[in-house]
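Trainee: Below are the structure tokens for one structure; questions will follow.
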Amino acid sequence: MKTSDLEKMLLNADKFDEKILRDNPEPKFSEYIDNLLKERGIKRSELIVRLNLDRVYGHQMLSGMRTPTKHNIILIGLFLGVTLDQMQTMLRICGRESLYIRNIEDAKVMYALEHNYSYEKAIEFINSSEE
């Protein structure tokens with residue numbers, strides 16, 4: 001069940017029911033990524049190659065055997081062209097710190113996501129420094 005549907009169901013219910021939450025846990029990172037990859041017609045191996053990840057580490061990360069770093073989650077999200085909400089969800093699922101607007105690097109990621117920058121343009125923008 002989508003989180004937004006779960007939220008509507010719980011907030012509009014006459015009585016709070018914890019069973020609904022227990023029966024609908026948050027998806028695992030590997031499941032979440034697999035759905036995004038499927039929606040975009042991208043294979044895991046393509047993502048690993050394009051992000052220049054070690055093949056073994058990439059497969060372990062995408063299969064749920066290893067928890068990705070915040071940096072790698074951001075790279076994956078930028079490559080897949082996710083929304084800011086989706087990026088925050090990916091970070092939360094992995095137990096990583098969410099993007100914070102007062103952090104310059106995070107703010108750049110947020111800006112790139114909100115302005116639909118391509119992966120290449122986003123990486124260039126995030127790595128640039130204004131002086």
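The values are calculated or read from the model by the stated rules, or taken from the named source; none is laboratory data. It should be emphasised that the depicted structure is a prediction, and the values quoted were computed from it without experimental measurement. So basically every Cβ, Gly included, is an ideal-geometry build from the backbone, and we count neighbours across all protein chains shown.
Trainee: Just give me the residues in region 1-21 being modelled with pLDDT of 85 or more and not hydrophobic (A, V, I, L, M, F, W, C), in sequence order.
Mentor: Within region 1-21, 8, 12, 14, 15, 18 meet the criteria.
Trainee: Looking for something part of a helix (DSSP H, G or I), crowded, with 18+ Cβ neighbours inside 10 Å and touching a helix residue (DSSP H, G or I) at 6+ places or on another chain (Cβ under 8 Å) - is there at least one such residue anywhere in region 9-30? Spell out the reasoning first.
Mentor: In the first step, residues of region 9-30 are kept if they are part of a helix (DSSP H, G or I); the result is 9-12, 18-23, 29-30.
Now restrict to residues that are crowded, with 18+ Cβ neighbours inside 10 Å: 29.
Next, only the ones that are touching a helix residue (DSSP H, G or I) at 6+ places or on another chain (Cβ under 8 Å) stay: 29.
Yes, region 9-30 contains a residue that is part of a helix (DSSP H, G or I), crowded, with 18+ Cβ neighbours inside 10 Å and touching a helix residue (DSSP H, G or I) at 6+ places or on another chain (Cβ under 8 Å).
Trainee: Filtering region 51-84 down to residues that are surrounded by 13 or more Cβ atoms within 10 Å (Cβ to Cβ) and among the charged types (D, E, K, R), which residue is nearest to residue 95 (Cα to Cα)?
Mentor: Residues of region 51-84 surrounded by 13 or more Cβ atoms within 10 Å (Cβ to Cβ): 51, 53, 57-64, 66-68, 70, 72-82, 84.
Filter again for among the charged types (D, E, K, R), leaving 66, 70.
On the way: 66: 12, 70: 9 Å.
Among those that are surrounded by 13 or more Cβ atoms within 10 Å (Cβ to Cβ) and among the charged types (D, E, K, R), it is 70.
Trainee: Tally time: how many residues in region 35-81 are among the charged types (D, E, K, R) and in contact (Cβ under 8 Å) with a residue 12 or more places away in the chain?
Mentor: Summing the residues that are among the charged types (D, E, K, R) and in contact (Cβ under 8 Å) with a residue 12 or more places away in the chain in region 35-81 gives 4.
Trainee: List, please: which pairs have Cβ atoms under 8 Å, are six or more places apart or on different chains, and start with a residue in region 109-126 that is farther than 13 Å from residue 81 by Cβ and without any contact (Cβ under 8 Å) to a residue 60 or more places away in the chain and end with one that is among the charged types (D, E, K, R) and part of a helix (DSSP H, G or I)?
Mentor: As it stands, the answer is 125/108; 126/105; 126/108, since those pairs meet every condition given.
Trainee: Regarding region 43-66, can at least one residue be identified that is outside any helix (DSSP H, G or I), of a type in the set (Val, Ile, Thr) and either touching a helix residue (DSSP H, G or I) at 6+ places or on another chain (Cβ under 9 Å) or modelled with pLDDT under 95 (or both)?
Mentor: Of the residues in region 43-66, the ones outside any helix (DSSP H, G or I) are 43, 51-54, 64-66.
Restricting the remaining residues to those that are of a type in the set (Val, Ile, Thr) gives none.
For region 43-66, residues outside any helix (DSSP H, G or I), of a type in the set (Val, Ile, Thr) and either touching a helix residue (DSSP H, G or I) at 6+ places or on another chain (Cβ under 9 Å) or modelled with pLDDT under 95 (or both): absent.
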